[in-house]
Structures are given as C-alpha cells and as structure tokens.
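The numbers here are math on the coordinates, done by the rules we state, and not lab data. Keep in mind it's a predicted model, so treat the numbers as computed, not measured. Cβ placement follows ideal geometry from the backbone for every residue including glycine, while neighbour counts extend to all protein chains displayed.
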Amino acid sequence: MKISTRGRYGLRAMIDLALHAEEGRVPLAAIAARQDLSLNYLESIFSALKRAGFVLGMAGAQGGYSLARPAEQISLQSILEALEGDLSISEELDAGTPLRAFLKRHVWDAIDQEVEITLRATSLAEMVERIQLQASSADSSIL
C-alpha cells in the first residue's frame with residue numbers, strides 16, 4: 001500500500017481542521033498556508049471529504065469548513081478510505097497457486113489486518129491530543 005498525496009494531504013488537512021476546530025469554521029486558505037499545500041488541490045480533497053460526510057462547508061466571508069461530527073468519531077482509516085479507496089497492500093484477489101494462497105493468507109492479509117486495526121483505532125481526536133502533548137513538552141512548531 002502506498003498512500004498517495006491525496007490521502008497524505010487529506011489526512012494532514014483533517015488533523016489541522018481538528019486542531020483548529022475551536023475557532024469555528026476554518027478557511028481552506030488557512031489550512032493550505034499552515035500545511036504548505038496547494039489551495040486548489042485542497043479544494044478537490046475537501047469536496048470528496050464533504051461528499052463522504054466528514055466536513056461541513058459554508059461559503060462566504062465568514063465561511064470555511066468544520067468537522068461534520070466529533071473528532072472522536074472520525075478514524076484515520078475512514079478518512080483514508082474516502083480519499084484512497086481500498087488500502088490493501090496486495091492486489092492479488094484470487095489465491096491462484098498454493099504458494100500465492102499461502103502468502104495471501106499469512107502475509108498480505110495479515111499486514112492488511114494490522115494496518116486496518118491501527119488506522120481504525122486511531123481517531124482525529126487522538127491525533128490532536130498527541131500533537132498537543134508533543135507541543136507542550138517540546139517544540140510547538142508542529143501546530
């Protein structure tokens with residue numbers, strides 16, 4: 001599995017949005033500036049995130065984006081799946097030979113399962129908490 005720039009940037013932007021959720025609606029331009037991302041690309045990503053039900057957007061001078069539900073209820077897996085689709089590391093759908101079947105079951109599926117468990121168990125809220133902990137104990141430049 002290789003996460004594309006769409007997935008990586010989307011994850012960064014969603015964490016940024018969660019970090020700044022207390023400010024109300026957050027303009028995409030502010031996220032783009034803080035994360036050094038292309039505003040046009042971010043608009044495309046947030047269009048997909050809005051369709052998937054993760055963010056709410058409002059146009060206008062006081063517009064911007066906010067999380068559609070609490071950060072505790074949004075897993076990293078759900079964000080990446082909305083932006084990337086299938087996160088499997090192997091494209092082998094059929095077992096084919098006995099060796100391919102063995103590798104699929106005991107290697108590729110096992111790796112997929114561990115990645116899924118980690119991403120599903122990690123919420124945006126947990127990321128925010130970890131970042132704030134790190135910032136308070138060291139360098140606040142991550143924010």
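Under the criterion of Cα pairs below 8 Å and six or more residues apart, the relative contact order for the chain equals 27 percent. Considering only 9, 47, 119, the residue lying farthest towards the positive end of the dipole of the chain is 47, judged by Cα position with unit charges set on Cβ.
Candidates 56, 82, 71 compared by Cα position along the dipole of region 23-131: farthest toward the positive end lies 56, with charges placed on Cβ.
With charges set only on the Cβ (+1 for Lys and Arg, -1 for Asp and Glu), what does the dipole of the chain come to about its Cα centre, in debye to the nearest 20? Let's see the in-between values first.
Working: 14 positive and 19 negative charges, 53 e Å.
Once rounded to the nearest 20, the dipole reads 260 debye.
Recomputing semi-axes √(5λ) of the Cα gyration tensor in Å from the coordinates shown identifies the correct label among [x] 19, 17, 14; [y] 40, 20, 12; [z] 33, 18, 13 as [z]. For residue 74, nonlocal amide neighbours, meaning residues 5 or more places apart or on other chains whose placed amide H falls under 5 Å from its own, are 124, 125. Each peptide in 120-133, 16-29, 101-114 was scored by the mean count of other Cβ atoms within 10 Å over its residues; highest first, the order is 16-29, 120-133, 101-114.
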